[in-house]
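Reviewing the structure listed below.
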Amino acid sequence: MIASARVVAALAVLALLIFAPQVRADENCEPVAEQMATNADQSTLSVATVCDKEGIRSYRMRAGTKDGRIDQKTVEVETEYTTMGSASLVDIDGDGYHEVEVRGMCGAGPNCEGQLYRIDRSSGKLELFFSGGYSDLSVIDGYLVEAGRASCCSWEYHAYRLHGSTGTLDYDNMDFMVEVGADLDSEEENAPARCTFSRSIEGARQVMRPPGREWLQLCELYGDYRLTTPEEASAAEAAGSAQE
């Protein structure tokens, strides 16, 4: 009887160890149970937030392909320097293939650090797909659009082509930018906002035309707006050069 009682007690302790809630290692880390999604090709993607190391917040990702291949990746963040952060599953472009979105520290405004991880469909491996600092992400006409406040009175939208791109998408390899903000050159009272599309060519920003009408919705952020044309930008540049 005594031996049986000891066995029961041991099993009870083991059960507590297995099923006990995760202990938080520090106050800046909140554990989150595993989230899982099944993709259109029957591959799976999951992420959990783990707080089992002092001063470290761990995002544990796991990818599984339909044919049984498994890949795992852990992103560790020092909570002393990144006191806030989270990881969640998203389908940023609604194509049936999910990404893990990891958010980090936020600035004084709405912009926060962010990365997207996804499964490479050919290798089945997890890869860092996008890295930036933003308020919101969306998709317009096949481009990933990173929206962020640039100043008190202006916003920037960075556009990255989703298909055909290689490597990690970030600020240095954006396809083009949209700037919307107060028209500082206008002498009109309550002048419309200025909306400018531009891309970097040989290290210099050059004004371009909007790729399509759907992009003009970004210009409407502050209501009425004026669109900067390439001709207007060239004329302004020539006038500035003549005054020097």
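The values are calculated or read from the model by the stated rules, or taken from the named source; none is laboratory data. Remember, predicted model here, so these are calculated numbers, not experimental data. Quick reminder, even Gly has a Cβ in these numbers, built from the backbone with ideal geometry, and neighbours come from all protein chains shown. Each accessible area value is taken on the protein alone, full model and side chains, heavy atoms only, with ligands, DNA and RNA left out. Shrake-Rupley method; radii C 1.70, N 1.55, O 1.52, S 1.80 Å.
A few notes on this one:
- Total residues in segment 194-222, condition in a strand (DSSP E or B) and among the charged types (D, E, K, R): 3
- Here D185 clears all of (1) closer than 30 Å to Y97 by Cα; (2) in contact with a helix residue (DSSP H, G or I) (Cβ under 9 Å, 6 or more places away or on another chain); (3) part of a loop (DSSP other than H, G, I, E, B) except the condition numbered (1).
- Tally, over segment 72-91, of residues that are touching a Lys or Arg at 6+ places or on another chain (Cβ under 9 Å) and open to solvent by less than 50 Å² (accessible area, probe 1.4 Å): 7
- Of all residues in segment 116-168 being within 16 Å of C195 (Cα to Cα) and hydroxyl-bearing (S, T, Y), the one that is modelled with the highest pLDDT: Y157
- Residue match in segment 66-89 (condition: within 30 Å of A182 (Cα to Cα) and in a strand (DSSP E or B)): no
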